[in-house]
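Below is one structure, written out as structure tokens; comments come after it.
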């Protein structure tokens, strides 16, 4: 019983951290074509991501692996029901990974611009697909005793789309702020402008999402039953406003911290509203997948808890070390100096 | 073709494609780690240049290995939901442990290694590629423990309509997984060794950077000889294990139809599945199979006819793959042995035909690795988990033929394109040879912490 709650929390944290970390990689990927004009500027942008993107993506692998190990029924049904959406996501993530590696390997402007465009599309699509998918998880999937009654097209409903756009804009702002901390000169200036410009539509869409969530989902039930929980969405809104406050003051690192918090708190708002559901059924709540009815055995959860206690602190320790090693902004000279750079 | 067949085809293709890149990563990471460690120990710039050159090829290969790995994790749920639901309690654990113990380590430190040349000390930089090599191989262990459980399920009970784990240590120390791991990594090292040997031979034939490629050749030859010997030894132990735990697979590997004692091996034979016999059996080596599979001359081996027809693996592909893999293994032993001798005597240039042969041998260990997996996975059929669950019962209920056909076409197109580009880039940079500009290399490595 308690273990299942612990794993619901850990499951939520893995997704939230994944979105926070890959969010700025996806956002920077979407912005690369706009904040960088010359080849060297484009290289600077992807080299700010070079040391971290792979490690960030592993949070997704772990979120997937943990869903499998701790909530096998949810893993099985979620991945098979959302087959086509996940396939597109997979293809995008594959293309994004090789775009980083392949771009600099042939010295031909057409080759490079091909991979620049590939990076744009393969950064935009995952952001949109994750948003649409999570919007639909919040809403619930049409499933009952007979199985799944949805399709790729049924995911494209207004609420799913609003969540999709919310994710895209969140990641664009987050990526813009990352680049404004991690670059210098013209790229930095354009990144700051991009983040400021995207913040206004983000505010509008975030407001729409919050209001629309009331009629479209049952997320508010938990908040209305325990009003104290409203502190989570309230903090999310405050962080979102904090981004702008820091931007206006020119404090870029705090602004990036605020956008990181915003992403964590948006996911937190979603999962607090979902609890104990992992995937509610939109047809009949008896068929909702919850932390209690879709989990692994207590024995497996106990083993997995040991694994998490053992490895998570180590992972966090070396990740923090890496971000410290690579904390300085990337300059043109850095890229030219390292022959293995992207 | 139904959803099961297409899903199997898709899983096999995506797995095989992923496995073009994995063996080289497993082996070359160790070689590059060794090169950079030697550089730190000796300060010899030759080792630094070796690290950079082989490291570059390592990275081009590594990229596709990483991105195609995500597919495997997703597909269990996407195409094999009934399997995942049924065994997730026990099968998910090694996958989650792999991610937390190994994959994080590998992915984080590969970034440190590529981008840390002028940011951390030499020792820390060499340590990061050592961590990558360690994590990559550890990752292989957990994946093979997961696969080993499908081959020989242990530590579970059937309860609540699924397989539930009751003994984590039994899963972790499943002999099938460990011996598979040992056989797999040594076979992967053979791939890496022949990769370095083949490219070095190509350059030696053209008299490019002779000192550089002789040193690389020498290192790879020794690594390859040790690896191929270990691969053979572990393969033998593995076959004994298979004979004990998956007798139908062993019978298919040898195309043995009738249960017998004192079983020999026919050097030439071809199974005729329809008539449950072999078309011909020539040049018999008496008692050899009994000796190899049971370690006794008159050991009894179960024949395929002892298994119901619907519980036999497809005999012909398993038999042929196994034979070809063994033959290739013998060829690699001979070549690795010669490579060690000739490089020790420093007389490689005197045998240009041997060097040429090594260039053409480069793809063959890849083939041998794929064949090994065909034996392992087709030999497990019709079971998805040996003796517990049939493959046809593991497929997702909610997916349609159209969905799987579309995704299969998508995978073939995307993977085909990316694979072609990756191989083109590998050949391009392999031919180009190491950077000759030494000064720029040294400047980029910071001398103190």
**OP:** For residue A:42, indicate whether it is more than 7 Å from every other protein chain (Cβ to nearest Cβ), touching a helix residue (DSSP H, G or I) at 6+ places or on another chain (Cβ under 9 Å), buried (at least 20 other Cβ atoms within 10 Å of the Cβ) and closer than 30 Å to residue B:430 by Cβ.
**Re:** yes
Original post:
Among the residues of the stretch A:328-342 satisfying the criterion of being closer than 20 Å to residue A:101 by Cα and in a loop (DSSP other than H, G, I, E, B), which is farthest from the other protein chains (Cβ to nearest Cβ)?
Top reply: A:331
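Only one residue in B:65, B:69 is over 26 Å from residue B:163 (Cβ atoms), surrounded by fewer than 24 Cβ atoms within 10 Å (Cβ to Cβ), within 11 Å of chain A (Cβ to nearest Cβ) and under 23 Å from the mean Cα position of the chain (by Cα), so which one is that?
B:65
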Original post:
Pick from B:85, B:8: which is assigned to a helix (DSSP H, G or I), closer than 30 Å to residue B:158 by Cα and more than 10 Å from chain A (Cβ to nearest Cβ)?
Top reply: B:8
Original post:
Residues in the stretch A:65-73: is at least one more than 7 Å from chain B (Cβ to nearest Cβ) and surrounded by fewer than 24 Cβ atoms within 10 Å (Cβ to Cβ)?
Top reply: no
Original post:
Would you call residue B:33 crowded, with 20+ Cβ neighbours inside 10 Å, touching a helix residue (DSSP H, G or I) at 6+ places or on another chain (Cβ under 6 Å) and within 23 Å of residue A:342 (Cα to Cα)?
Top reply: yes
Original post:
In the list A:156, A:187, which residue meets the criterion of being farther than 30 Å from residue A:256 by Cβ, away from chain B (no Cβ under 14 Å) and modelled with pLDDT of 90 or more?
Top reply: A:156
Original post:
Restricting the search to the stretch B:36-49, which residues are in a helix (DSSP H, G or I), in contact with a helix residue (DSSP H, G or I) (Cβ under 9 Å, 6 or more places away or on another chain) and more than 14 Å from chain A (Cβ to nearest Cβ)?
Top reply: B:37, B:38, B:39, B:40, B:41, B:45, B:46, B:47
**OP:** Residue by residue through the stretch B:378-414, note down the ones that are buried (at least 21 other Cβ atoms within 10 Å of the Cβ), in a helix (DSSP H, G or I) and touching a residue at least 24 places away in the same chain (Cβ under 8 Å).
**Re:** B:404, B:407, B:411
**OP:** Go through (1) assigned to a loop (DSSP other than H, G, I, E, B); (2) surrounded by fewer than 21 Cβ atoms within 10 Å (Cβ to Cβ) one by one and return the number of the condition residue B:153 breaks.
**Re:** (2)
**OP:** Filter the stretch B:265-281 for residues that are surrounded by fewer than 17 Cβ atoms within 10 Å (Cβ to Cβ), more than 15 Å from residue B:313 (Cα to Cα) and within 30 Å of the chain's Cα centre (by Cα) and give the result.
**Re:** B:267, B:268, B:270
Original post:
Any chance the stretch B:358-373 includes a residue that's over 21 Å from the mean Cα position of the chain (by Cα) and touching a residue at least 40 places away in the same chain (Cβ under 8 Å)?
Top reply: no
**OP:** Name the residue, out of B:74, B:91, that is more than 24 Å from residue B:195 (Cα to Cα) and buried (at least 24 other Cβ atoms within 10 Å of the Cβ).
**Re:** B:91
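Yes/no matrix, rows are residues, columns are (1) assigned to a helix (DSSP H, G or I); (2) touching a helix residue (DSSP H, G or I) at 6+ places or on another chain (Cβ under 6 Å):
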| position | (1), (2) |
| --- | --- |
| B:134 | yes, no |
| B:158 | no, no |
| B:164 | no, yes |
| B:197 | yes, yes |
| B:213 | yes, yes |
Subject >> the stretch A:95-109: number of residues that are touching a residue at least 24 places away in the same chain (Cβ under 8 Å) and at the interface with chain B (Cβ under 7 Å from one of its Cβ atoms) >> reply: 2
**OP:** Those residues that are over 17 Å from residue A:309 (Cα atoms) and more than 7 Å from chain A (Cβ to nearest Cβ), I need them from the stretch B:95-113; list them, please.
**Re:** B:106, B:109, B:113
Original post:
Here are some residues: A:87, A:128. Which one is part of a helix (DSSP H, G or I), without any contact (Cβ under 8 Å) to a residue 12 or more places away in the chain and closer than 23 Å to residue A:23 by Cα?
Top reply: A:87
Original post:
With respect to residue B:370, is the statement that it is in a helix (DSSP H, G or I) and buried (at least 16 other Cβ atoms within 10 Å of the Cβ) true?
Top reply: yes
Subject >> Boolean, residue A:121 is within 30 Å of residue B:79 (Cβ to Cβ), free of Cβ contacts under 8 Å to residues at least 40 places away in the same chain, more than 8 Å from chain B (Cβ to nearest Cβ) and under 22 Å from the mean Cα position of the chain (by Cα) >> reply: yes
**OP:** Tell me which of these residue A:265 doesn't satisfy, since it passes every other one: (1) more than 13 Å from chain B (Cβ to nearest Cβ); (2) in contact (Cβ under 8 Å) with a residue 24 or more places away in the chain; (3) over 25 Å from residue A:182 (Cβ atoms).
**Re:** (3)
**OP:** Would you point out which residue out of A:77, A:86 is within 7 Å of chain B (Cβ to nearest Cβ), touching a strand residue (DSSP E or B) at 6+ places or on another chain (Cβ under 7 Å) and under 22 Å from residue A:135 (Cβ atoms)?
**Re:** A:77
**OP:** Within the stretch B:266-301, count every residue that is assigned to a loop (DSSP other than H, G, I, E, B) and more than 17 Å from residue B:238 (Cα to Cα).
**Re:** 8
Original post:
In the set B:334, B:338, B:357, B:348, which member is surrounded by fewer than 16 Cβ atoms within 10 Å (Cβ to Cβ) and within 18 Å of residue B:216 (Cα to Cα)?
Top reply: B:357
Subject >> Unique residue being within 30 Å of residue A:152 (Cα to Cα) and in contact with a helix residue (DSSP H, G or I) (Cβ under 7 Å, 6 or more places away or on another chain) when the list is B:417, B:401 >> reply: B:401
Original post:
In the stretch A:297-327, how many are within 24 Å of the chain's Cα centre (by Cα) and part of a loop (DSSP other than H, G, I, E, B)?
Top reply: 2
Original post:
Among B:52, B:56, which is in contact (Cβ under 8 Å) with a residue 60 or more places away in the chain, part of a helix (DSSP H, G or I), facing chain A (nearest Cβ under 8 Å) and touching a helix residue (DSSP H, G or I) at 6+ places or on another chain (Cβ under 6 Å)?
Top reply: B:56
Original post:
Which members of the stretch B:114-136 meet the condition of being within 24 Å of the chain's Cα centre (by Cα) and facing chain A (nearest Cβ under 10 Å)?
Top reply: B:128, B:131
Original post:
Among the numbered criteria (1) crowded, with 19+ Cβ neighbours inside 10 Å; (2) part of a helix (DSSP H, G or I), which single criterion is violated by residue A:253?
Top reply: (1)
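The values are calculated or read from the model by the stated rules, or taken from the named source; none is laboratory data. Please read these numbers as outputs of a predicted model, since none were measured by experiment. Quick reminder, even Gly has a Cβ in these numbers, built from the backbone with ideal geometry, and neighbours come from all protein chains shown.
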